[in-house]
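Comments concern the structure below.
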Amino acid sequence: MKIRPRILRKSSTIRALVQETNISCSDFIAPLFIVEGKEITDEINSLPGYYRRSLDHTLLEIQELKNLGIKAFILFVKCENHLKDNTGKEAINENGLMQRSIRTIKKNHPEIVLFSDVALDPYSSFGHDGIVENKEILNDESIDILAEMALSHAKAGVDFVAPSDMMDGRIKSIREKLEKNKFHNVGILSYSVKYASCFYGPFRDALGSAPGFGDKKPYQMNPANRKEAIRETKLDIKEGADIIMVKPAMAYLDIIRDVTNYTDLPVCAYQVSGEYAMIKAAAKNGWLNEEDAMIESLISIKRAGASLIVSYFVKEIALMLNNK
Ligand code: PBG
């Protein structure tokens with residue numbers, strides 16, 4: 001026998017020397033759920049170990065994550081029920097929770113990179129990502145309001161807007177709106193390849209944003225499709241996206257690889273709420289080792305080609321990387 005691959009697996013030091021994929025704190029974007037109020041840290045039922053926080057507590061959490069080496073954050077807000085409607089009015093309110101949060105966070109932590117979710121679902125009385133008419137989610141009317149929403153986040157000081165709505169043409173309308181208003185330096189992280197996935201369930205619990213009727217299949221992608229991922233990516237690049245997102249991650253590693261091979265833009269993957277919840281639940285039952293499952297799942301996402309990862313494991317992985 002002349003070829004013995006096991007030589008490179010002989011000790012942990014050799015294995016580390018030849019390891020092809022590594023993760024570090026600079027790969028991560030931490031999702032943050034913000035609610036109205038003061039001194040609130042409220043655990044999310046279906047996301048054990050993850051919290052909704054009022055803005056004051058969010059600032060403390062950012063400081064804690066910063067100390068661990070996490071420098072990028074993506075914001076989601078829980079809109080109060082009485083402010084929800086079918087026009088997205090609250091989504092563009094300059095004094096809305098999102099806009100106030102962006103201003104306050106950037107003032108307190110100017111050096112962090114801040115992303116904001118752009119979609120109507122948390123603000124929609126129907127729980128849909130766009131404006132609804134006769135049970136249809138209107139496209140062109142929705143992208144006008146999404147562009148306004150992105151502009152209001154830019155005015156508040158966000159670094160990147162992150163449209164997660166999957167309407168056609170929204171990257172173009174957002175880019176044009178930003179250019180016209182001289183926000184030449186605000187980036188677009190586009191959820192270009194977002195599947196109609198059951199794995200978003202816990203997120204919708206967290207924000208109370210589940211669709212009131214039907215589902216999101218008329219705008220989010222069919223999980224059975226692969227070529228369509230390239231079609232969506234191609235369009236978003238042409239329309240002006242800076243970073244391409246694939247979402248969810250673990251059930252779509254082939255798609256992450258396809259998109260990475262296709263584009264020279266950075267590719268971000270979202271390890272979504274259901275992916276986190278599955279690992280947590282299995283670990284709680286003693287069926288999986290949580291830390292090993294966390295690392296293996298995150299390494300697989302990077303190995304598939306993602307250079308950035310949004311993950312609810314962000315603090316646990318940062319703690320682990322700091323103690324290595
Ligand atoms: C809003 C949005 C969703 C997620 C991110 N932005 C939910 C959805 O599209 O229904 C899901 C994130 C997760 O599950 O962690 N458009």
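Within the range 83-108, work out how many residues are within 20 Å of the chain's Cα centre (by Cα) and more than 14 Å from K155 (Cβ to Cβ). Counting residues in the range 83-108 that are within 20 Å of the chain's Cα centre (by Cα) and more than 14 Å from K155 (Cβ to Cβ) gives 2. Please go through the range 198-208 and give me each residue that is modelled with pLDDT of 95 or more and more than 8 Å from the ligand (Cβ to nearest atom), ordered by number. C198 - this is the single residue of the range 198-208 that is modelled with pLDDT of 95 or more and more than 8 Å from the ligand (Cβ to nearest atom). Picking from residues in the range 177-194 that are within 12 Å of the ligand (Cβ to nearest atom) and in contact (Cβ under 8 Å) with a residue 60 or more places away in the chain, the one that is nearest to Y252 (Cα to Cα) is Y191.
Only residues that are within 24 Å of E61 (Cβ to Cβ), small (G, A, S) and not in a strand (DSSP E or B) were counted across the range 93-125, and they come to 3. Scanning the range 281-324 for residues that are in a strand (DSSP E or B) and among the β-branched types (V, I, T) yields I309, V310. Kindly provide the set of residues from the range 118-128 that are out of contact with any Pro (no Cβ under 8 Å at 6 or more places or on another chain) and within 11 Å of the ligand (Cβ to nearest atom), ordered by number. Selection gives L120, P122, Y123, S124. With respect to the conditions (1) under 30 Å from N81 (Cβ atoms); (2) surrounded by fewer than 16 Cβ atoms within 10 Å (Cβ to Cβ), M245 lacks only one, and its number is (2). Only residues that are more than 12 Å from the ligand (Cβ to nearest atom), in contact with a Pro (Cβ under 9 Å, 6 or more places away or on another chain) and either in a strand (DSSP E or B) or without any contact (Cβ under 8 Å) to a residue 24 or more places away in the chain (or both) were counted in the range 226-280, giving 2.
Residues checked against (1) surrounded by fewer than 20 Cβ atoms within 10 Å (Cβ to Cβ); (2) out of contact with any His (no Cβ under 6 Å at 6 or more places or on another chain); (3) in a strand (DSSP E or B):
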| site | (1), (2), (3) |
| --- | --- |
| G127 | no, yes, no |
| D144 | yes, yes, no |
| S152 | no, yes, no |
| K172 | yes, yes, no |
| S192 | no, yes, yes |
| A210 | yes, yes, no |
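Within the range 26-54, count every residue that is surrounded by fewer than 17 Cβ atoms within 10 Å (Cβ to Cβ), closer than 30 Å to S300 by Cα and in contact (Cβ under 8 Å) with a residue 40 or more places away in the chain. Working first, answer last.
Our first condition is that a residue be surrounded by fewer than 17 Cβ atoms within 10 Å (Cβ to Cβ); within the range 26-54, this holds for 26, 36-43, 45, 48-49.
With the extra rule that they be closer than 30 Å to S300 by Cα, the set shrinks to 26, 43, 45, 48-49.
From what's left, in contact (Cβ under 8 Å) with a residue 40 or more places away in the chain: 26, 45, 48-49.
Residues that pass the stated criteria total 4.
Consider H57 carefully, then state whether it is crowded, with 16+ Cβ neighbours inside 10 Å, more than 20 Å from N185 (Cβ to Cβ), within 20 Å of the chain's Cα centre (by Cα) and not charged (D, E, K, R). I'd like the intermediate steps shown before the answer.
Details: crowded, with 16+ Cβ neighbours inside 10 Å: yes; more than 20 Å from N185 (Cβ to Cβ): yes; within 20 Å of the chain's Cα centre (by Cα): no; not charged (D, E, K, R): yes.
Against the criterion (crowded, with 16+ Cβ neighbours inside 10 Å, more than 20 Å from N185 (Cβ to Cβ), within 20 Å of the chain's Cα centre (by Cα) and not charged (D, E, K, R)), H57 does not qualify.
Do we have any residue at all in the range 102-112 that's closer than 18 Å to V310 by Cα and surrounded by fewer than 21 Cβ atoms within 10 Å (Cβ to Cβ)? Taking every residue of the range 102-112 in turn, at least one turns out to be closer than 18 Å to V310 by Cα and surrounded by fewer than 21 Cβ atoms within 10 Å (Cβ to Cβ).
The values are calculated or read from the model by the stated rules, or taken from the named source; none is laboratory data. It should be emphasised that the depicted structure is a prediction, and the values quoted were computed from it without experimental measurement. With ideal geometry, Cβ positions are generated from the backbone for all residues, glycine too; neighbour counts draw on all protein chains shown.
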